[in-house]
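Written out below as structure tokens is the structure these notes cover.
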Amino acid sequence: MGRYLAHSDGERSLDACPVVEVSLVVPVYNESATVGLFLERVDRALGGEPPVRLEVVFVNDGSSDSTLDRLLKYQQRDARVRVVDLSRNFGKEAALSAGMGVARGRVVVPIDVDLQDPPELVLEMIEQWRQGYDVVLARRVVRDADSRTKRISAAWFYRVHNWIAKPMIPENVGDFRLMDRITVDALNGLPESGRFMKGLFAWAGFRTTCIDYARPKRAAGSSKFDGRRLWGFALEGLMSFGPFPLRLWTYLGGMVALASFLYGLFIALRVLVVGVDTPGYASLFVAITFLGGLQLMGIGVIGEYLGKTYLEAKRRPAFLVRRIYEPDDCDR
Ligand code: UDP
Ligand code: MG
């Protein structure tokens, strides 16, 4: 795959790349109900399009249902399907990394299998890519399909994250996006095994634009992200980029220390003016428990970072691949 030719104004020439090689990267976890629907829709949306040469890289993230068998069956009929089978469930983030690592396309699009990311949008994204953008984000302008709790918690996540961490994560943008080969190579080269993709994508930067869409409901099956998993995901995001949560304790500690010092000064002055005063259990009790609580929280945050450092220090990969099934494999 050669490098693209660019016009002097930055546009990718149609003559230079009349056919775009597109890799869809599709993480799947217990999705036997949706893979068929997905492939049908992708074929309708992108199959007949001459300027698109497609490969669909499914990453089977340790499914315990018949997802893998189905994928292999579809692969026998459709040579555009490639299947990366992970050794167990590593989570969507790791699955995406695995898929991006084997994708060969000139542009790569991570996409959910449940049709919440409409495949038709890929054509619009390619249009923007041809204008010279390296990354085309798909922003959910309507997310009626998500529950109220999910929408509100997502809004708060972005608010808190963008307040305390850099770089900014664009609001209401998921993993669904088009990335040029240079961006994908840059991301593949990142060494960390804790992979909070939204953060990594934002960190990578590159020339970026956005298209809007309304996020539909899941086509079939059920969401794999329950409240507990989302909470863990949000914490991961907040702790992954920057030391602000650690620094917070320096400020808080300073403020509490200053307040205690002033209070001590006040007591000393009062003793000098009015004499010794015995009552004070309540204030003592409050001060001790309050400080105890603060210290425990502080230790907790330090523990989180220490844990992360520990995991990174082991240098274990983010995922293990059991096997990659290519369309022409004959020894299954
Ligand atoms: N997924 C995955 N591994 C997991 C959880 C989810 O590969 O551990 C995949 C899932 O199969 C789907 C995508 O990630 O293609 C998004 O998951 P889901 O639709 O359940 O999330 P939601 O849209 O509800 O946030
Ligand atoms: Mg979904």
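Filtering region 45-86 to residues that are part of a loop (DSSP other than H, G, I, E, B) and either touching a residue at least 40 places away in the same chain (Cβ under 8 Å) or of a type in the set (Asp, Glu) (or both) leaves 49, 51, 61, 65, 78, 79, 80. Within region 187-209, the residues that satisfy the criterion of being away from ligand 1 (no atom under 14 Å from the Cβ), over 19 Å from residue 155 (Cβ atoms) and either among the aliphatic types (A, V, I, L, M) or free of Cβ contacts under 8 Å to residues at least 24 places away in the same chain (or both) are 187, 189, 190, 191, 200, 204. Is it the case, given these coordinates, that residue 93 is surrounded by fewer than 24 Cβ atoms within 10 Å (Cβ to Cβ), under 26 Å from residue 217 (Cβ atoms) and without any contact (Cβ under 8 Å) to a residue 24 or more places away in the chain? So residue 93 does not fit the description; no. With respect to (1) open to solvent by 30 Å² or more (accessible area, probe 1.4 Å); (2) in contact with a Lys or Arg (Cβ under 9 Å, 6 or more places away or on another chain); (3) not in a helix (DSSP H, G or I), the lone exception for residue 150 is condition (3). Taken together, the residues in region 212-236 that are modelled with pLDDT under 75 and more than 14 Å from ligand 2 (Cβ to nearest atom) amount to 1.
Only residues that are more than 21 Å from the chain's Cα centre (by Cα) and either within 16 Å of ligand 2 (Cβ to nearest atom) or part of a loop (DSSP other than H, G, I, E, B) (or both): list them for region 106-132, please.
Residues of region 106-132 more than 21 Å from the chain's Cα centre (by Cα): 106, 120, 123-124, 126-132.
Within region 106-132, 106, 120, 131, 132 meet the criteria.
Can you find a residue that is within 16 Å of ligand 2 (Cβ to nearest atom) and acidic (Asp, Glu) anywhere in region 180-198? Checked region 180-198: no residue is within 16 Å of ligand 2 (Cβ to nearest atom) and acidic (Asp, Glu). Pairing each residue of region 210-226 that is near ligand 1 (Cβ under 10 Å from one of its atoms) with any residue that is open to solvent by 70 Å² or more (accessible area, probe 1.4 Å), provided the two are 6+ apart or on different chains, yields C-beta distances under 6 Å for 219/37.
For region 13-44, what are the residues that are of a type in the set (Asp, Glu) and at pLDDT 90 or above?
Filtering region 13-44 down to residues of a type in the set (Asp, Glu) leaves 15, 21, 31, 40, 43.
Within region 13-44, 31, 40 qualify.
The values are calculated or read from the model by the stated rules, or taken from the named source; none is laboratory data. Given the structure is predicted, the values throughout are model-derived calculations rather than measurements. Don't worry about glycine lacking a Cβ; one is built from the backbone with ideal geometry, like all the others, and counts go over all protein chains shown. We work out accessible area using only protein heavy atoms, side chains counted, and drop any ligands, DNA or RNA first. Shrake-Rupley method; radii C 1.70, N 1.55, O 1.52, S 1.80 Å.
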